[in-house]
Structure formats: structure tokens, C-alpha cells
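> Structure incoming, see below.
Derivation of every value follows stated rules applied to the coordinates shown; laboratory data play no part. Here the structure is a predicted model, which means the values were calculated and not measured. Cβ placement follows ideal geometry from the backbone for every residue including glycine, while neighbour counts extend to all protein chains displayed.
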Amino acid sequence: MSEREEHDTAGDTVAVLTERRQGERRLADRRRGGDRRRYDRRTLDRRQADRQTERHQAETTLNEISLRADFSQIRYAQCWEDADILLEALAITPQDTCLSIASAGDNTLAMLSQGPARVIALDMNPAQLACLELRVAAYRTLAHHELLELIGSRPSRRRLELYQRCRRAMAKGTRSFWDRQPELIEPGIGAAGRFERYFRLFRKRLLPLVHGRKSVAKLLAGGNLEQRHRFYRKRWNTWRWRLLFRLFFSRRVMGRLGRDPEFFKYVRNEVAKTIFAHTEYALTQLDPRDNPYLQWILTGQHINALPFALRRENFDAIRNNLDRLEWHLVSVEDYLAHHQDGPIHKFNLSDIFEYMSKQNYAMLLDQLVSASAPGGRLAYWNMLVPRTRPQALADRLQPLDSVATVLHQLDKAFFYSRFVLEEVC
Ligand SMILES: C[S@@+](CC[C@H](N)C(=O)[O-])C[C@H]1O[C@@H](n2cnc3c(N)ncnc32)[C@H](O)[C@@H]1O
């Protein structure tokens, strides 16, 4: 989407809100009778990284969604999926081999903190693997507080300097990907994706028309259950908030600006309405004070909560296990078709099934079960498309619904309609 289109879509939303606001003002004026018109092991790391990149390039393949959507840019500069519930669900042990959708890398790194034997990260978008590789380089090279600066969780004026220290630990191709785009580094690498730009537009251009900084700060300060509900009811859930939500999180605007319209091909419900209900839950039943995802969406930083991989207490465990991580530029479908080196025990599948037909989903699930050790676990999310084990796999895959339901109620990345956990028989 071009800057121009981005501008136009935001413009449409702004126009509706402004028009309504002006109407409100005119009405108030009339009532008052007034008339107002407004990131030594470096060489070794680099060689390893170069070899890995060459392997990646030989492995690129196509699957259903790669034929329909553009995968040349960073879509997700952060994992918008809650690693806390993922880790709880997967119960990773030191004997485990894990497979994880790379996305921006945070949740793959979170899995590494549990000390498994091996973590295989896959993605079919090279830009997403560049995000993972820069994070790996940053864990190897930087101190914890510097990592937070590079990501954008904390303010910083020296991100390009921090990047210069990380770049030597990356493969040549990845280095040149980031070297070419300093503008993606300067604001924080966690802001570099299309999805994060969508949130930025929301935060900078639209949210201020509805809620001022004080209200946002008050919301993020949290409180007890009753205080949160009262604040939401009395101050937050205004008609302008509902209107903004309906417009900005509609399939059309989200498809054009945030995700890809193709990601909605199998969506059958009203997008904004579904996401509104989940957001309401996250603002009231859960405490916004503990929610790093909400904090980033509303402020562009992590105020007083961090996603699992970025917390100080998990930094050393991740750094110490980096040699157990490998990544490949390949779809899960194709990786599994060629995978021969032992069973996999734990799977983080993001919400990839959302983008495929029921038939392709069932075929991939079959591949996953065949690649799994008995007792292996699959964790994934549904955002807008219902995807759970089909009856045909009932004798091979067991849903762990009660655990998944409890975990879903704690899901801080609040836009998912369901968290799914299934165990291989
Ligand atoms: C599925 S997306 C989900 C992100 C977020 N949950 C959302 O829906 O807005 C996360 C990552 O999965 C990758 N991906 C999607 N389908 C895949 C597949 N079949 N094999 C490997 N990676 C895939 C995408 O490139 C992306 O980086």
C-alpha cells in the first residue's frame, strides 16, 4: 500500500470523525446560542550465519498463501501472540525438538529460554527471518537494556550505533537488508513492520481524535476489576471510540493497511465487531498495566510490561541457548515434506491456518501429526477463521480444550477468538 493510499484511508476515517465532532460542536454551540467555527565469536557467528542464509535461499518454496500475498516486506516486526500462554501450553522440556513459525522472532526466542534440545524456526518471508536474525545478533552482542532500546521498547537516540555493533554477527544478505534501510532501525526495529505501521497510524492520527493522553495514561495505569470496568464504561467506551473502531478495524481498512486483503479470504464474520469484543475484554477483565501488546499499540513503547522474550529475567537463558536455534526460509508444508532428522515434539504454529482452505489445513495437520513424536503438542491461534482438528484426525490428535480455554482467557494479545492446543496420540 502506497503512502498516498495510507493517507487516503486514514483521511476517510479522520473525515468521518471530524465531521461528527463538528456536528456535535455545532449542536452544542446552538444549544448555548454561540457561534464558534477548527544489534572472539563474531567471525564464527558470521560464517555460521552466511552458511545458513545460503541454505535458506535453496529452500524457498511456494504454498497457498505465498501464491496470493506479497511476502517481500516486513509484515510483523513483533510477534503479536502472547508467549506466556504459548509456553504454558507447550510445556517445553530439555529433550524437546521444537518447530516455530519465526514471524519477528520473539516467540521462537521465548521457546529457546526453556532450554529445549533444538528449535527450528521457519518462515516463507525472508524479511521476517531478517527480523529474527537481527534479534539473535542483538542477544549475542548487546546488554539487556540496549536490546530494549534497539527494539523500541525504551526511548533511544543511538539505535543505529547499537545496530552497527550487531551487524557483524549477521549473514551478509541480512546485513545488507538492514544496511539499506536505516529508516527501519531508527524508530526501533519493533516498529518496522506493516502491521506496526498500521497501529502507528491508529495511535498518531486517529486515537487523539477520540481519547487524549491523559485518558490513555489512565487506561494503562489499570486498577482493580471494578475500577477498570468503571473507567471503561464512563470514560473510554464513547460513541467516538466505537465509531473509530468500526472504521479502522474493518476488513477493508485492516486489509489495505495492516494485514493483506488475502489474509481475510476465509473470514466469514464481521471483523471489527469480533475484534471489538476481544478488545473490551482486554481493557476490563485483564489489567492493561500488565499488557505489553496494548501498551505498544497505544503508546508505541512498552511502558511497564514487556513480552516474555524481552524481560530481564529471560535474557540470559535465551542468550545461552542461541546455538540450539536454526532458521530456514521455507513454508512449514515444504519443510515437513523433506524433514527426516527425528520427530518434533512441540509446535508453535502462530495463526497460519487462518490463511488456508479447510482442505489445505487438514492436509497440513496430517503432515504435522506424522512429523510429531507421540505426546507432541500443537499450539495455534484463530483470529477470525475457525480452525480446529477435523473429525477425520480424531484417532491421531486429541484437543486439550480445557487447558486452551483457560489460557485463552489470559491471552494479552487480545485480538484472537480462540487459542488451540492439541496433543498427538
Ligand atoms: C501467520 S503470520 C501471523 C501474524 C499475526 N498473528 C496476524 O495474524 O496478524 C506470522 C508469520 O507466519 C508466516 N507464515 C504464514 N504462513 C506460513 C507457512 N505456511 N509456512 C511458514 N510461514 C508461514 C508469515 O510469513 C508471518 O511471518
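> Taking 0.36 nm per intervening residue step and subtracting the Cα-Cα distance, what contour gain separates GLN398 from ARG213 on full extension?
61.9 nm
> Still on this model: Please list, ordered by chain and number, the residues whose modelled amide H lies under 5 Å from the amide H of ALA121; skip anything fewer than 5 residues away on the same chain.
SER100, GLU326, TRP327, HIS328
> Given R₀ = 41 Å, what would the calculated FRET efficiency be for SER357 paired with VAL406, taking r from the Cβ atoms and rounding to 0.05?
0.85
> If a paramagnetic tag sat 7 Å from the Cα of GLN285 along the Cα-Cβ line, which residues of the stretch 388-406 would have the backbone N under 16 Å from that point?
402-406
> OK, next. Based on the mean of other Cβ atoms within 10 Å per residue, sort peptides 358-369, 378-389 so the most packed one is first. All intermediate terms of the calculation are to be shown ahead of the outcome.
Working: 358-369: 16.9, 378-389: 21.3.
Going from most to least packed, we get 378-389, 358-369.
> Once the Cβ-Cβ distance between ARG203 and ARG252 is put in as r, and R0 is 25 Å, what FRET efficiency do you end up with, to the nearest 0.05?
Efficiency for this residue pair is about 0.80.
> In whole Å, what are the extents of the stretch 111-184 along the principal axes defined by its C-alpha atoms, from largest to smallest?
Principal extents (Cα only, largest first): 37, 26, 19 Å.
> Order by neighbour count: ASP179, ASP395, ASP106, fewest other Cβ atoms within 10 Å first, most last.
Values: ASP179 13, ASP395 8, ASP106 26.
Ordered from fewest to most neighbouring Cβ atoms within 10 Å, ASP179, ASP395, ASP106 come out as ASP395, ASP179, ASP106.
> Tell me the volume per residue, in Å³, of the convex hull enclosing the alpha carbons of the stretch 291-391. Each step should come with its number before you reach the end.
Numbers: hull volume 16.2 nm³, N = 101.
Per-residue hull volume (Cα only) is 161 Å³.
> Could you order the peptides 144-157, 237-250, 214-227, 108-121 from most to least packed, using the average number of other C-beta atoms within 10 Å per residue?
Numbers: 144-157: 19.6, 237-250: 17.1, 214-227: 14.6, 108-121: 23.1.
In descending order of packing, they fall as 108-121, 144-157, 237-250, 214-227.
> I would also like to ask the following. Tell me, what is the Rg over Rh of the stretch 160-220, with Rh the Kirkwood radius over Cα pairs?
Details: Rg = 16.1 Å, Rh = 13.8 Å.
Checking Rg against Rh, the ratio lands at 1.17.
> Okay, moving on. Semi-axes, largest first, in whole Å: what does sqrt of 5 times each Cα gyration tensor eigenvalue give for the stretch 336-425?
Working: eigenvalues 90, 43, 31 Å².
The three semi-axes for the stretch 336-425 are 21, 15, 12 Å.
> Restricting things to alpha carbons, tell me how big the stretch 270-321 is in terms of Rg and Dmax, in Å.
Gyration radius and largest Cα-Cα distance of the stretch 270-321: 14.2, 45 Å.
> Could you size up the charge dipole of the stretch 138-230 around its Cα centre, putting +1 on the beta carbon of Lys and Arg and -1 on that of Asp and Glu, and report it in debye to the nearest 20?
Values: 22 positive and 8 negative charges, 36 e Å.
My answer is approximately 180 debye.
> What residues qualify as long-range amide H neighbours of LEU397, i.e. H under 5 Å apart, gap of 5 or more or another chain, H built at 1.01 Å from N?
Excluding prolines and chain starts, which carry no amide H, the hits are CYS425.
> Identify the residues of the stretch 332-375 with backbone N under 15 Å of a label point that sits 7 angstrom from the Cα of GLN391 along the Cα-to-Cβ direction, or state none.
What the label zone holds, given the 15 Å backbone N cut-off, is no residue at all.
> Okay, next question. By its C-alpha gyration tensor, with a ≥ b ≥ c as the square roots of the eigenvalues, how is the stretch 40-425 shaped: rounded for a/c under 1.5, else prolate for a/b larger than b/c, else oblate?
On the way: a/c = 1.56, a/b = 1.15, b/c = 1.35.
Cα axes put the stretch 40-425 in the oblate bin.
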